[in-house]
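The structure under discussion appears below in the form of structure tokens.
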Ligand code: UDP
């Protein structure tokens with residue numbers, strides 16, 4: 001790999017350059033440059049480039065593909081999330097205190113009951129789609145399902161450990177992650193998906209079908225979405241400065257009031273997830289919490305650049321940085337983003353290999369059966385932690 005690294009860097013710099021070692025650094029400044037400015041940029045790149053080579057090499061050496069039987073690729077996540085409740089179990093008092101953080105469900109005699117009001121009906125319905133088929137297997141239990149974007153139980157600020165199920169969290173939270181409603185329905189409603197993003201099973205097929213051959217993809221970076229987090233700004237600014245390198249633009253969301261909400265530009269046209277596949281480099285960013293976009297991008301067989309590593313969904317830990325996607329530090333500057341994109345423009349084979357591994361991983365380990373399997377394992381193990389006899393709350397309705 002080191003030899004490969006040296007050769008690749010020599011090629012990627014200039015034909016007039018002389019490479020001194022297998023680290024690929026240029027021997028002298030004069031030999032390496034046509035101009036002072038060019039030298040500085042290239043030297044900067046070659047240092048960054050060495051960093052990327054090392055990161056890929058190290059990640060690949062440590063990587064062992066996971067075994068997809070019985071959603072084993074993801075099972076460590078639910079074990080870790082349930083661990084805080086292992087010693088004392090889940091008590092009636094804990095559930096009563098947790099009720100303020102989400103929608104109250106009961107499973108009694110293999111029937112599902114829910115509090116009448118649900119803040120986001122399509123999200124509750126997306127959750128129930130996965131829970132109902134499991135009822136025959138489940139012991140009596142009570143669940144508090146948070147259907148908001150934000151997790152609820154902060155590891156340090158919350159006074160006690162209480163069980164709340166949320167779709168996304170950071171390591172700071174004790175919430176128990178469940179596969180989001182949006183695998184079925186209730187995802188963000190944008191003009192393109194007016195009833196809300198959902199049906200992962202259908203997207204798996206429709207996006208994969210149009211995932212263009214690598215050679216046909218435009219070798220530029222792409223992002224389309226609203227400004228749910230300003231962590232997206234650097235890429236949008238880079239796109240405005242270098243439209244040939246990046247096409248990243250803000251779209252309207254329901255909160256849009258003026259061009260200020262799209263970083264002082266008119267909102268861009270929304271682009272279907274399928275259309276994303278025309279581009280070689282696809283960016284993912286957190287939104288309010290994790291963005292549902294992430295999993296779809298892999299289906300394009302394009303190279304996914306994932307910004308930040310804080311916000312998780314249940315399947316994120318199975319994806320490995322530099323193996324399946326390119327990790328991008330939060331708050332990278334436009335210049336840093338440019339160096340990273342240029343590295344993969346100039347090292348096509350590396351880009352393509354990571355893209356292919358990312359696609360294979362999501363295609364093979366994030367099937368609808370894996371989502372259903374995760375729900376099953378999660379609820380069976382959660383049910384074993386219940387330490388009391390669940391009594392029917394008559395204010396709940398059967399769903
Ligand atoms: N989306 C899309 N095309 C667009 C804009 C958004 O497909 O042009 C999808 C995107 O993939 C994401 C959802 O709509 O899953 C919401 O995107 P947004 O950026 O508004 O919010 P996020 O949830 O990412 O914070």
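The values are calculated or read from the model by the stated rules, or taken from the named source; none is laboratory data. From a predicted model like this one, the values you see are computed outputs, not experimental measurements. Counting neighbours? That spans all protein chains shown, and the Cβs are built from the backbone with ideal geometry, glycine included.
If the condition is being surrounded by 20 or more Cβ atoms within 10 Å (Cβ to Cβ), without any contact (Cβ under 8 Å) to a residue 60 or more places away in the chain and either away from the ligand (no atom under 13 Å from the Cβ) or not in a loop (DSSP other than H, G, I, E, B) (or both), then region 285-330 contributes 294, 297, 303, 304, 306, 319, 324, 325, 326, 328. If you go through region 51-67 one residue at a time, do you hit one that is touching a helix residue (DSSP H, G or I) at 6+ places or on another chain (Cβ under 7 Å) and assigned to a loop (DSSP other than H, G, I, E, B)? Yes, the conditions are met somewhere in region 51-67. Number of residues in region 206-227 that are outside any strand (DSSP E or B) and buried (at least 19 other Cβ atoms within 10 Å of the Cβ): the value is 5. Of the numbered conditions (1) closer than 21 Å to residue 372 by Cα; (2) touching a residue at least 12 places away in the same chain (Cβ under 8 Å), residue 205 fails exactly one; give the number of that condition. Exception for residue 205: condition (2).
Identify, by number, the condition in (1) surrounded by fewer than 18 Cβ atoms within 10 Å (Cβ to Cβ); (2) in a helix (DSSP H, G or I) that residue 344 doesn't meet. Every condition holds for residue 344 apart from (1).
Of the residues contained in region 135-142, one or more are found to be touching a residue at least 24 places away in the same chain (Cβ under 8 Å) and surrounded by 24 or more Cβ atoms within 10 Å (Cβ to Cβ). Would you confirm whether any residue within region 168-179 is outside any helix (DSSP H, G or I) and loosely packed, with under 15 Cβ neighbours inside 10 Å? The answer is yes; a qualifying residue exists.
As a summary of the residue check, residue 263 satisfies the conditions (1) at negative phi; (2) in contact with a helix residue (DSSP H, G or I) (Cβ under 7 Å, 6 or more places away or on another chain); (3) away from the ligand (no atom under 11 Å from the Cβ) except for the one numbered (1). Candidates in region 187-205 are the residues that are at pLDDT 95 or above and surrounded by fewer than 15 Cβ atoms within 10 Å (Cβ to Cβ); of these, the one that is nearest to the ligand (Cβ to nearest atom) is 202.
Within region 271-283, the set of residues being within 13 Å of the ligand (Cβ to nearest atom) and not in a helix (DSSP H, G or I) comprises 271, 272, 273, 274, 279, 282, 283. Taken together, 134, 78 contain a single residue that is in a helix (DSSP H, G or I) and either in the same structural domain as residue 321 (by the TED database) or over 17 Å from residue 176 (Cα atoms) (or both), which is 134. Select, from 241, 268, the only residue that is within 27 Å of residue 339 (Cα to Cα), in contact with a helix residue (DSSP H, G or I) (Cβ under 9 Å, 6 or more places away or on another chain), touching a residue at least 40 places away in the same chain (Cβ under 8 Å) and within 12 Å of the ligand (Cβ to nearest atom). Result of the check over 241, 268: 268.
Scanning region 81-117 for residues that are in contact with a helix residue (DSSP H, G or I) (Cβ under 7 Å, 6 or more places away or on another chain) and either part of a helix (DSSP H, G or I) or without any contact (Cβ under 8 Å) to a residue 40 or more places away in the chain (or both) returns 82, 110.
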